[in-house]
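Student: Sharing a structure, written as structure tokens. Questions coming.
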Amino acid sequence: MQPIITAQNLTKTYGQQIVFQDLNFQIQPGEVVGLIGNNGAGKTTLLNLLIGLQRPTAGQIHLFADNLSPTAIQQKRGIMFQDDFGLSRVTVQEMLALACSLYAQPLSLSTVLQLTDLNSQAQQYVSKLSGGQKRRLNWGLALAGNPELLFLDEPTSGMDTTSRHHFWQAIQELNAQGKTIIVTSHYLAEIDYLAQHILFLKDHQLIHNGTLADLKNKYSQIIVTFDSSQDFTQHNFHQGILQDHQQNHYIYQVTSSEQFVQELNEFLPVIQHLRIHQKNLDEIFQQVNQGE
Amino acid sequence: MAFVTLTKINFKRLILRNTRFLIFDVASPIFFYLIYTQIFTGGQQLKVNIFISMTVFATLLSSIITVSNNIMSDRQQHFFRFMAVTPLSQKLYYLSLSLVFIFLNVLQILAMEIVAAFGTKLNLSMDKYLQILVIATVGSFALILIGAAITFLGNSSFVNSIAYSIVFPLAIISGLWTPMNLMPSWLQQIGKLTPTYATVNLIHNFLQKQPWSWNLFGKLGIWLLLAMGLLIICSRKSVD
């Protein structure tokens with residue numbers, strides 16, 4: 001399958017300052033990709049290069065097929081920026097209608113209003129919307145062209161918890177339709193929830209370009225703990241190694257939590273407080289940035 | 001489709017939904033005109049001269065200051081970034097805005113003509129009022145593009161300063177506020193090169209049924225091409 005995005009030896013510098021260099025990655029159709037890194041790691045710059053707002057200092061980016069014109073590419077992609085777009089004294093409906101009018105095969109205005117849950121605000125001026133409503137408007141502007149490829153920059157900043165979870169569901173539904181989605185977010189629980197593929201920028205390089213599961217396995221073991229009055233210190237489990245033992249509390253490092261729990265099956269009557277823990281993306285992120 | 005949608009939106013937001021601004025934009029040149037007719041009293045010809053100068057000044061004011069203010073407002077709301085990442089081209093945006101601002105200039109001129117005809121009893125025939133309307137409107141095309149081009153020069157307050165630095169000196173040196181023959185000859189030569197001078201004198205030519213002046217029309221044409229070229233060059237910069 002041809003990648004939807006290919007980056008080859010991508011480098012961006014501002015004078016002597018290197019933002020990143022020699023990045024190589026591919027994004028396949030239908031992936032949800034999380035782009036993560038500290039402030040100043042180059043996430044926004046990389047996003048701007050992929051969108052075409054900036055040019056690389058060296059290297060190449062290909063979106064869709066090689067022979068597509070910039071205009072054709074614009075028809076197939078949608079972008080949700082962190083900044084709110086708008087015009088003074090323009091209603092939500094007018095702004096979305098303008099966006100829909102720009103594309104050859106847009107979603108209908110009513111569909112966009114429904115997807116963004118802005119039906120009640122349709123006649124309201126964009127400038128009078130709350131922060132979360134403005135984010136939903138941006139979302140609508142990104143979706144208007146029914147794009148194959150979506151770029152989302154901090155999509156849920158300013159949204160309340162309910163809206164955020166609705167948004168995550170919407171992303172998953174779009175992904176189920178085959179859309180490719182690139183997300184940057186400082187809210188790593190969001191990336192953890194949504195992304196399958198992670199691009200992790202640090203020290204001018206991509207330190208991880210692979211699945212979220214691989215990232216977790218690379219930086220974090222799976223730990224299983226339980227309490228039991230039975231002595232397990234001499235028992236050999238195939239899927240786990242005893243890390244620590246204090247009185248009745250046992251701590252095992254395992255390779256597969258499912259298989260280890262299957263091994264524990266026969267002992268379940270004597271086991272209490274069974275817990276499985278693997279570092280979440282937020283913990284891994286902090287671990288990596290602290291240089292562990 | 002996109003152009004029609006955008007123009008409808010621009011028409012509503014810049015004119016229909018902006019009544020306070022619209023009233024101010026139309027009323028200020030009328031105010032200047034009435035002040036001038038009170039200061040400089042004289043015969044019919046003097047009244048006509050003042051009327052034409054103030055009409056052209058009205059279009060100068062709105063084409064530079066109003067246009068640049070509105071575009072800066074759109075820029076501050078990241079609309080240029082929206083254009084950069086969607087199929088909406090800057091060409092369509094400027095064309096749409098130009099149409100709306102041309103309409104605004106027509107409204108201003110009509111309002112001035114109504115005040116002149118019924119307020120100050122300026123005795124001109126309907127076809128002369130129409131000639132003034134058409135030529136003053138055409139003369140504003142280059143000014144609208146200049147108003148758009150200066151928005152690339154910096155932030156809002158700087159652009160605002162530039163706008164006022166263009167409008168008032170231009171009004172003075174092109175003879176809109178004071179007769180040019182009161183100025184030093186070197187300044188008169190500069191004034192004669194300005195688009196506002198060309199517009200005023202084209203109007204006088206038509207009203208006095210003088211031969212068509214290619215010189216004046218050519219000056220307006222050159223200013224239009226220069227302004228268009230300046231806008232195209234400026235708009236190729238990166239978006240905010």
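Student: Residues to consider are A:G40, A:G59, A:G78, A:G34; find the one that is surrounded by 18 or more Cβ atoms within 10 Å (Cβ to Cβ), of a type in the set (G, A, S) and more than 9 Å from every other protein chain (Cβ to nearest Cβ).
Tutor: A:G34
Student: List the pairs whose first member sits in the range B:119-135 and is closer than 23 Å to B:A27 by Cβ and assigned to a loop (DSSP other than H, G, I, E, B), whose second member is basic (K, R) and open to solvent by 20 Å² or more (accessible area, probe 1.4 Å), and whose Cβ atoms are under 7 Å apart, counting only residues at least 6 apart or on separate chains?
Tutor: Once the first residue is closer than 23 Å to B:A27 by Cβ and assigned to a loop (DSSP other than H, G, I, E, B) and sits in the range B:119-135, its partners that are basic (K, R) and open to solvent by 20 Å² or more (accessible area, probe 1.4 Å) give B:T120/B:K47; B:L122/B:K47.
Student: May I pose another question? Restricting attention to the range A:86-103, which residues are within 7 Å of another protein chain (Cβ to nearest Cβ) and open to solvent by 10 Å² or more (accessible area, probe 1.4 Å)?
Tutor: Matches in the range A:86-103: A:S88, A:R89, A:E94, A:A97, A:S101, A:L102, A:Y103.
Student: Counting only residues that are more than 14 Å from every other protein chain (Cβ to nearest Cβ), in contact (Cβ under 8 Å) with a residue 40 or more places away in the chain and crowded, with 21+ Cβ neighbours inside 10 Å, which one in the range A:134-178 is farthest from A:L35 (Cα to Cα)?
Tutor: Across the range A:134-178, the extreme among qualifying residues is A:I171.
Student: Right, another one. Just name the residue that is farthest from A:G34 (Cα to Cα) out of those in the range A:219-270 that are in a helix (DSSP H, G or I) and hydroxyl-bearing (S, T, Y).
Tutor: Just the residues of the range A:219-270 that are in a helix (DSSP H, G or I), to begin with: A:219, A:257-270.
Okay, now just the ones that are also hydroxyl-bearing (S, T, Y), so A:219, A:257.
Numbers: A:Y219: 17, A:S257: 25 Å.
Among residues in the range A:219-270 that are in a helix (DSSP H, G or I) and hydroxyl-bearing (S, T, Y), the one farthest from A:G34 (Cα to Cα) is A:S257.
Student: Right, another one. Can you find, within the range B:1-38, the residue that is farthest from the other protein chains (Cβ to nearest Cβ) among those that are among the charged types (D, E, K, R) and surrounded by fewer than 18 Cβ atoms within 10 Å (Cβ to Cβ)?
Tutor: Checked the range B:1-38; the qualifying residue farthest from the other protein chains (Cβ to nearest Cβ) is B:R20.
Student: Applying the selection to the range A:197-218, what residues are outside any strand (DSSP E or B) and open to solvent by less than 50 Å² (accessible area, probe 1.4 Å)? Steps first, answer last, please.
Tutor: Just the residues of the range A:197-218 that are outside any strand (DSSP E or B), to begin with: A:203-204, A:212-218.
Of everything in the range A:197-218, those that are outside any strand (DSSP E or B) and open to solvent by less than 50 Å² (accessible area, probe 1.4 Å) turn out to be A:L212, A:L215, A:K216.
Student: Name every residue in the range B:83-97 that is out of contact with any strand residue (DSSP E or B) (no Cβ under 9 Å at 6 or more places or on another chain) and within 10 Å of another protein chain (Cβ to nearest Cβ), in order of residue number.
Tutor: Listed by number, the residues that qualify are B:M83, B:A84, B:P87, B:L88, B:S89, B:L92.
Student: For the range B:75-97, which positions are in contact (Cβ under 8 Å) with a residue 12 or more places away in the chain, farther than 17 Å from B:M228 by Cα and either not in a helix (DSSP H, G or I) or not aromatic (F, W, Y) (or both)?
Tutor: Selection gives B:R75, B:Q76, B:H78, B:R81, B:M83, B:A84, B:P87, B:L88.
Student: Mind listing whichever residues of the range A:32-80 are free of Cβ contacts under 8 Å to residues at least 60 places away in the same chain, in contact with a strand residue (DSSP E or B) (Cβ under 6 Å, 6 or more places away or on another chain) and on the phi > 0 side of the Ramachandran plot?
Tutor: Answer for the range A:32-80, where residues must be free of Cβ contacts under 8 Å to residues at least 60 places away in the same chain, in contact with a strand residue (DSSP E or B) (Cβ under 6 Å, 6 or more places away or on another chain) and on the phi > 0 side of the Ramachandran plot: just A:G59.
Student: Here is a further query. Out of (1) away from chain A (no Cβ under 11 Å); (2) over 30 Å from A:Q82 (Cβ atoms); (3) assigned to a helix (DSSP H, G or I), the odd one out for B:T41 is which?
Tutor: (3)
Student: When the range A:110-133 is examined, which residues are found to be open to solvent by 50 Å² or more (accessible area, probe 1.4 Å) and among the aliphatic types (A, V, I, L, M)?
Tutor: Listed by number, the list holds a single entry, A:L115.
Student: Also, I was wondering about something else. Determine which member of the set A:Q290, A:Q243, A:Q286 is open to solvent by 70 Å² or more (accessible area, probe 1.4 Å) and touching a residue at least 12 places away in the same chain (Cβ under 8 Å).
Tutor: Of A:Q290, A:Q243, A:Q286, the one residue that is open to solvent by 70 Å² or more (accessible area, probe 1.4 Å) and touching a residue at least 12 places away in the same chain (Cβ under 8 Å) is A:Q243.
Student: Among what's in the range B:196-239 and is surrounded by 12 or more Cβ atoms within 10 Å (Cβ to Cβ) and in a loop (DSSP other than H, G, I, E, B), pick the residue that is modelled with the lowest pLDDT.
Tutor: Ranking the qualifying residues of the range B:196-239, first place goes to B:V239.
Student: What is the residue count in the range A:1-31 for residues that are open to solvent by 20 Å² or more (accessible area, probe 1.4 Å) and assigned to a loop (DSSP other than H, G, I, E, B)?
Tutor: Final tally of qualifying residues: 9.
Student: Another question, then. What is the number of the single condition among (1) within 14 Å of chain A (Cβ to nearest Cβ); (2) over 14 Å from the mean Cα position of the chain (by Cα) that B:N69 does not meet?
Tutor: B:N69 satisfies every listed condition except (2).
Student: Starting from residues that are among the aliphatic types (A, V, I, L, M) and open to solvent by less than 10 Å² (accessible area, probe 1.4 Å), keep the ones in the range B:49-66 and report whichever is nearest to the chain's Cα centre (by Cα).
Tutor: The selected residue is B:L60.
Student: Same structure, new question: So B:S185 fits all but one of (1) more than 14 Å from every other protein chain (Cβ to nearest Cβ); (2) of a type in the set (S, T, N, Q); (3) open to solvent by less than 60 Å² (accessible area, probe 1.4 Å); what number is the exception?
Tutor: All conditions pass for B:S185, except number (3).
The values are calculated or read from the model by the stated rules, or taken from the named source; none is laboratory data. What you see is a predicted model, and the numbers here were worked out from it, not measured in a lab. Cβ coordinates were reconstructed from backbone atoms using ideal geometry, including for glycine residues, and neighbour counts include every protein chain displayed. For the accessible areas, the whole protein counts, side chains as well, though only heavy atoms, and no ligand, DNA or RNA atoms are used. Shrake-Rupley method; radii C 1.70, N 1.55, O 1.52, S 1.80 Å.
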